[in-house]
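Enquirer: Before anything else, here's the structure in question.
The values are calculated or read from the model by the stated rules, or taken from the named source; none is laboratory data. In this text, all values refer to a predicted model and were calculated from it rather than measured experimentally. Quick reminder, even Gly has a Cβ in these numbers, built from the backbone with ideal geometry, and neighbours come from all protein chains shown.
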Number of protein chains: 2
Amino acid sequence: MNINRRGIMLVIASPSGAGKSSITRNLLKSDNNLTMSVSLTTRPMRDGEIDGKDYHFKAIEQFNSLKGAGQLLEWAKVHDNYYATPKAQVDEMIASGQDVIFDIDYQGTQQLYEHCRADMVSVFILPPSIKELHSRLKTRALDSDEVIERRLKNARIEIEHWAEYDYVLINEDLAKTSNEVANILKTSRLARIRQNGLANFIKKLQIEIDEI
Amino acid sequence: MNINRRGIMLVIASPSGAGKSSITRNLLKSDNNLTMSVSLTTRPMRDGEIDGKDYHFKAIEQFNSLKGAGQLLEWAKVHDNYYATPKAQVDEMIASGQDVIFDIDYQGTQQLYEHCRADMVSVFILPPSIKELHSRLKTRALDSDEVIERRLKNARIEIEHWAEYDYVLINEDLAKTSNEVANILKTSRLARIRQNGLANFIKKLQIEIDEI
C-alpha cells in the first residue's frame with residue numbers, strides 16, 4: 001500500500017574528516033529515492049564540471065535577483081564566491097516524495113531550519129576522538145599542515161553546534177554509521193507528519209466501518 | 001563507545017485486531033533492552049497470574065493514595081476496576097537507559113504525553129482495510145458477534161486519534177511492520193535529546209583540540 005508522503009530534507013553535517021562524505025556516498029548508493037541537492041554558485045565553472053549536475057552556475061546578478069525574490073533557502077559567501085540552495089527545485093522534490101540530502105555546515109542548517117524545519121531531519125557526525133580526526137586529516141595527504149590546523153580550528157567551531165541537530169552519531173565504524181543514517185532515513189519516512197496521504201486513508205477506513 | 005542515554009517510552013497503539021500484540025511480542029523477543037511496562041490494577045488476581053509480573057495487584061486504597069500523591073502516570077477505570085502505570089518504576093528504568101513498551105489506548109497515551117512527552121515515541125498501527133480487520137477478529141474465534149461488533153465500534157473511536165501519534169504504520173505484513181517498529185526504536189535511541197552523555201563527550205573533544 002502506498003500512502004503519499006512528503007520527501008525528507010536530510011542534512012548531514014560534521015567537522016571535516018569525521019566521515020560525512022563517505023557516509024553520504026554510501027547512502028546515495030544504497031537508497032534509490034535519495035538524491036543530492038545541487039547547489040547554485042557564482043564561482044566560474046572548472047574543467048570537467050557539468051552545469052546542473054555539479055552546480056547550477058549563475059552570474060552574480062542572477063544570484064542577487066533570486067536572493068531578493070526569496071528564492072534561496074540558504075546561502076553563504078566563501079572566498080568571494082556565493083553558494084546557495086535554490087528553493088524551487090527543493091520544493092518540487094519534497095512535494096513529490098523525493099528525499100534530498102544536503103551537504104551544508106551549521107550556518108546553512110540554521111538557515112534551512114528557518115524555512116522548512118518540518119521537512120528536515122538533521123544528523124551530526126562526530127569523530128570518536130580528535131586524535132582520530134587529526135590522523136584522518138593527515139592520512140588524506142591532500143593538505144598542508146597549515147590547512148590541517150585550520151580544519152581543526154573550524155572543527156572546534158562546527159562541533160560547538162552539535163545540540164542543533166536531531167541525531168548525533170559517533171563515527172567509529174563507517175559501515176555501522178552509514179547503516180544508522182540509512183535507518184534514520186527509513187524511519188523518518190514513517191513519521192506521521194510526512195504521510196500526507198493518511199487522512200484520506202483513515203477516512204476510507206471509517207466509511208468501511210460505518211457501512212458494516 | 002557508550003554514551004549515556006535516557007530510555008525510551010515506546011507506546012504502540014492500535015484498534016483491536018490490527019496486530020499490536022504480535023508486533024509487541026516480536027519486539028520483546030528481538031530486543032534485549034526493551035521490557036514491558038507492568039501495570040498496576042485493583043482487580044483481583046486470577047489463577048496463574050504473578051504479582052509484579054502480570055500486574056502489580058493493589059487494594060483500592062493504595063491506588064487512591066498513589067493517585068493522590070501524583071505517583072500514577074496514567075490510569076483508567078474498566079468494568080469497575082482501576083488500571084494504572086506507576087510513575088516510580090518507569091522513572092527509574094528510563095533514567096538508567098532501559099526502554100519500556102506500553103500497551104495503552106489513546107486515553108492512556110494522552111495522559112502519558114502530559115507527563116513525559118520528551119521520553120516518548122508513539123506508534124499507531126492500522127489495518128490495511130476494515131474487511132481485513134473484521135476477518136482477523138472473526139478468525140480469533142474467541143468472541144461472539146456482539147463482542148466483535150463492539151470491538152469494531154471501539155476501533156472507529158481509536159482510529160479517530162491517529163494524528164496524535166509520532167508514527168503511523170499500516171500493518172499489511174507482520175514481519176515487515178515488526179521490523180519497522182524495531183527500526184523506529186533503534187533510530188530513536190540515536191536522537192540527540194536522549195543522549196545525555198553527549199555534552200561531556202563534546203567537552204572532551206574540545207579540550208583535545210585546544211591541547212593540540
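For every residue, the table says whether it meets (1) modelled with pLDDT of 95 or more; (2) under 17 Å from A:D166 (Cβ atoms).
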| site | (1), (2) |
| --- | --- |
| A:Q62 | yes, no |
| A:D80 | no, no |
| A:S96 | yes, no |
| A:I101 | yes, yes |
| A:A118 | yes, yes |
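Enquirer: Still on this model: Scan the range B:154-181 residue by residue and report those that are surrounded by fewer than 13 Cβ atoms within 10 Å (Cβ to Cβ) and among the basic types (K, R).
Expert: B:K176
Enquirer: Continuing with the same structure: Could you please find all residues in the range A:164-207 being within 7 Å of chain B (Cβ to nearest Cβ) and of a type in the set (A, V, I, L, M)?
Expert: Pass one, the range A:164-207, residues within 7 Å of chain B (Cβ to nearest Cβ): A:165-170, A:172, A:180, A:183-184, A:186-187, A:190-192, A:195, A:198, A:202, A:205-206.
The answer is A:V168, A:L169, A:I170, A:I184, A:L190, A:A191, A:L198, A:I202, A:L205.
Enquirer: Being within 15 Å of A:S16 (Cβ to Cβ) and either modelled with pLDDT of 95 or more or away from every other protein chain (no Cβ under 14 Å) (or both) is true for just one of A:L142, A:L112. Which residue is that? Step through it out loud before you land on a result.
Expert: On the way: A:L112 fails: within 15 Å of A:S16 (Cβ to Cβ).
Result: A:L142 is the single residue among A:L142, A:L112 that is within 15 Å of A:S16 (Cβ to Cβ) and either modelled with pLDDT of 95 or more or away from every other protein chain (no Cβ under 14 Å) (or both).
Enquirer: In addition: Can you list the helices (runs of 4 or more DSSP H) lying wholly within the range A:113-212 that have 2 or more residues being free of Cβ contacts under 8 Å to residues at least 24 places away in the same chain and of a type in the set (D, E)? Show your work before the answer.
Expert: On the way: elements: A:130-140, A:145-159, A:174-189, A:198-210.
Of the helices (runs of 4 or more DSSP H) lying wholly inside the range A:113-212, those with at least 2 residues that are free of Cβ contacts under 8 Å to residues at least 24 places away in the same chain and of a type in the set (D, E) span A:145-159, A:198-210.
Enquirer: Taking strands (runs of 3 or more DSSP E) that do not extend beyond the range B:1-107, which have at least 1 residues that are closer than 30 Å to B:K131 by Cβ?
Expert: Values: elements: B:9-13, B:34-36, B:72-78, B:81-86, B:99-102.
Output list reads B:9-13, B:72-78, B:99-102.
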